[in-house]
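Heads up: the structure comes next, in structure tokens.
The values are calculated or read from the model by the stated rules, or taken from the named source; none is laboratory data. Values in this document were obtained by computation on a predicted structure and should not be read as measured data. Glycine gets a Cβ as well: all are built from the backbone with ideal geometry, and neighbour counts include every protein chain shown. Heavy atoms of the whole protein, side chains included, go into the accessibility calculation; ligands, DNA and RNA do not. Shrake-Rupley method; radii C 1.70, N 1.55, O 1.52, S 1.80 Å.
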Amino acid sequence: MTQSLIIEKKSTRAGFGDALLELGERNPEVVALCADLTGSLKMDAFAAAFPERFFQAGIAEANMMGMAAGLTIGGKIPFTGTFANFSTGRVYDQIRQSIAYSGKNVKICASHAGLTLGEDGASHQILEDIGLMKMLPNMCVINPCDYNQTKAATLAIAEYVGPVYLRFGRPDWPDFTPADQKFEIGKALCMKAGHDVSIFATGHMVWIALQAADELANQGVSAEVVDIHTIKPLDEEFVINSVRKTGCAVTAEEHSVFGGLGDSIAQCLVRNIPLPLEMVAVNDHFGESGKAMELLEKYGLDVPAIVSAALKALERK
Amino acid sequence: MPDIDYLNSVSKQVRRDIIRMVHAVSSGHPGGSLGACDYLVALYFEIMDHDPANFSMDGKGQDIFILSNGHLSAALYSVLARSGYFSIEELASFRKLGTRLQGHPGTDKGLPGVRAATGSLGQGLSMAIGAALSKKLNKDSKKVFCLMGDGELQEGQVWEAVMYAAANKVDNLIAAVDYNGKQIDGSLDDVLPLGDLHKKWEVFGWKVIDAKGNDMQDLIKSLQTAISYTDKGIPVVILLHTEMGFGVDFMMGTHKWHGVAPNDEQAAEALNQLEETLGDY
Ligand SMILES: Cc1ncc(C[n+]2csc(CCOP(=O)(O)OP(=O)(O)O)c2C)c(N)n1
Ligand SMILES: [Mg+2]
């Protein structure tokens, strides 16, 4: 299924930008804030169409988060936009205090997550953001896998009441999920059924996991590929049922091995169904400059890495 | 006496390097780099007392520089290489996998000349203050220089640092602002105006100097004045009135080249306007 079609490539951030424009038309309460990265976040269409509902904060992310929290007090639904590191680590206490603890309905939308932003390098490549955000009580954490899913997720979080961290990326990426999908927060999606090993992937890594599953099939291994677009709340029931069937699991994410999807799945399995788990993630390292695909290869986030993790998990059964 | 012609010829070559570096990887930040490189050349080739052949992280007994607006990495790397911190051939590795010349300056790859990882804006002045305090503790009379972007001044941390330095008489520090009036989304006046920047620094307790940021003679004079103001209980800042994209006509007068690399044609056109003075890498 994955290789037979010619699949268009589009960035996940474009999915965010297109959905934001649609939301602007649909819901007058939706407002947007950006910290001097309107083009990079693809927020320019919204800014042009709804100038009175767009707030240019300048290069001042802490103030932007506080203003977003304040806008909810009048009933607005603020979407903030900047790069993932400036959306999380840079403003962690502002988010913790003014948004999460305060229970404010802010949608923190973060582009250029992970390694695949490429040449800008480690200063910009946050690999800790999922962990930072999922530790905050009240915070929902979503990392969609392609353009269509990011678009659907952006529309969905406007309906959900409560703080959300929506994580997406810079590069053009295969757009392989349906255009008309309904996005259900907290619902894992089976992308390919299988019975030997469950691969739980999030974000860009879902596509890589599907390629790995094809490769595993060539080696006689039937892999189930599950898109965990919502890391928190985790669809524990789906995870448990899948691993009950397959007997072992692999996680794949463009994030540190600490604090990310792997951690969440590990907790779930240890508490419910302790079976072998291997994690494909960045191993306690900062990133560096390079091309997106080169970096995924260097840091072990590619098809061979998932294949060998799956084989290892199988061996440990 | 500074040899202004020579310094200008270094600047020309640095501008060529910048264009060639960002063009080779189709990424990087030519606009700010072209605008601020005269200041870096003045610092590294005339003003600073530093020893490129014997770089040490602690910088004891040497003037040191922190590039707070780390996206100007291409300009910094060229100036570092051209002043002897590492070979100019290494400039060809800019932003490529495995390079020491990371997209934004970092200390993790051991590149001589870099003492602070920057690129997340607004943090360099705080580090420069720390380095200046360390020099005082060490009874080291050398100075600390720090360059920031003007858009970068929108970060609150900058003003925390500004207050600290004045209140605590950090007077072995010379800050500078690349005052090009532009940032990613447009002009500062459209995005978030800084108001009367000269007065702002002044009321925060700093000695403020305005300099023509693309005029080597004026830069040298302003830096010499700045140095004469040090060790008098007041921190010093130079507002560098620069032009983003300076030296390449089609990159000037717009913010569009902040973070966009020229294509083949544009790079050729740009290099046509920049004389090769010291030899390309
Ligand atoms: C904390 C932080 N927020 C946002 C960015 C993204 N960013 C990189 S450069 C830049 C604009 C900087 O403007 P200015 O300091 O005026 O530099 P210039 O465009 O003049 O080179 C922005 C917003 C960043 N690097 N760090
Ligand atoms: Mg500027």
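According to the Kirkwood relation over distinct C-alpha pairs, the hydrodynamic radius of the range A:22-111 is 12.7 Å.
Over every Cα atom in the range B:223-281, the radius of gyration and the widest Cα-Cα span, Dmax, amount to 17.4, 52 Å.
Rounded to the nearest 10 square angstrom, B:GLU89 shows an accessible area of 120 square angstrom against a 1.4 Å probe.
Add -39500 (n - 2.57) for each DSSP H run of 4 or more in chain A, then divide by its residues: what number comes out at 222 nm, to the nearest 500 deg cm²/dmol? Calculated at 222 nm, the ellipticity per residue is -10500 deg cm²/dmol. From the cross-link list B:LYS60/B:LYS135; A:LYS10/A:LYS107; A:LYS182/A:LYS245; A:LYS10/A:LYS42; B:LYS60/B:LYS169, which pairs have alpha carbons spaced over 18 Å apart? Pairs exceeding the cut-off: A:LYS10/A:LYS107; A:LYS182/A:LYS245; B:LYS60/B:LYS169.
How far apart, in nanometres, would the label points at A:MET135 and B:LYS200 be if each is projected 7 angstrom from Cα along the Cα-to-Cβ direction? So the two model labels end up 3.3 nm from each other.
Of A:LYS9, A:LYS104, the residue with the largest accessible area leads and the full order is A:LYS9, A:LYS104 (1.4 Å probe).
Amide H contacts of A:VAL282: A:HIS255, A:SER256, A:VAL257, each under 5 Å away and 5 or more positions distant or on a separate chain (H built 1.01 Å from N in the peptide plane; Pro and chain starts excluded).
Under 1.5 on a/c is rounded, so check that first for the range A:206-267, then, if it is not, pick prolate when a/b is larger than b/c and oblate when it is not; a ≥ b ≥ c are the square roots of the alpha carbon gyration tensor eigenvalues. Oblate is the answer for the range A:206-267, as a/c is 1.5 or above yet b/c matches or exceeds a/b.
Once you reduce the range B:209-259 and the range A:234-261 to the center of their Cα atoms, the two points are 54 Å from each other.
In summary, the aspartates and glutamates within cross-link reach of B:LYS199, defined as a Cα separation below 15 angstrom excluding same-chain residues under 8 places away, comprise B:ASP150, B:ASP210. Projecting the Cα atoms of B:TRP201, B:ASN172, B:HIS71 onto the charge dipole of chain B, computed from C-beta unit charges around the Cα centre, puts B:ASN172 farthest toward the positive end.
Heavy-atom accessible area with a 1.4 Å probe sorts B:ASP140, B:ASP150, largest first, into B:ASP140, B:ASP150. In this structure, B:SER56 and B:SER26 have a Cβ-Cβ separation that, at R0 = 35 Å, corresponds to a calculated FRET efficiency of about 0.50.
Computed from phi, the 3J(HN,Hα) profile of the range A:63-76 under the Karplus parametrisation 6.51, -1.76, 1.60 (θ = phi - 60°) reads 5, 4, 5, x, 5, 4, 4, x, 4, 5, 5, x, x, 7 Hz, with x in place of Gly and Pro.
Translational diffusion coefficient of the range A:2-174 (Stokes-Einstein, Kirkwood radius from Cα pairs, 4 °C, 1.567 mPa s): 82 µm²/s. Fully extending the segment from B:LEU97 to B:LYS139, taken as 0.36 nm per residue of separation minus the present Cα-Cα distance, adds 11.1 nm. Of the residues B:PHE145, B:PHE55, ranked by 1.4 Å probe accessible area with the largest first, the sequence reads B:PHE55, B:PHE145. Compute the separation of the alpha-carbon centres of the range B:1-67 and the range B:97-137 and state it in Å as a whole number. Spelled out, the Cα-based centre of one part sits 15 Å from the other.
When all alpha carbon pairs of chain A are counted in 20 Å bins from zero, the resulting P(r) reads 36, 56, 8 %.
Put one equal scatterer on each alpha carbon of chain B, apply the Debye formula with no solvent term, and list log10 I(q)/I(0) at q = 0.10 1/Å to two decimals. Ignoring solvent entirely, the Cα scatterers give -0.46. For the range A:233-240, putting each phi into the Karplus relation 6.51 cos²θ - 1.76 cosθ + 1.60 with θ = phi - 60° gives couplings of x, 7, 7, 4, 4, 5, 4, 4 Hz, in residue order, rounded to whole numbers and with x for Gly and Pro. Here the protein assembly as shown has an Rg and Dmax of 25.3, 81 Å, counting Cα atoms alone. Taking one quarter of the surface of the C-alpha convex hull of the range A:45-95 gives a mean projected area of 3.7 nm². For the range A:189-315, the C-alpha radius of gyration sits at 0.96 times the compact-globule guess of 2.2 N^0.38 Å, with N the residue count.
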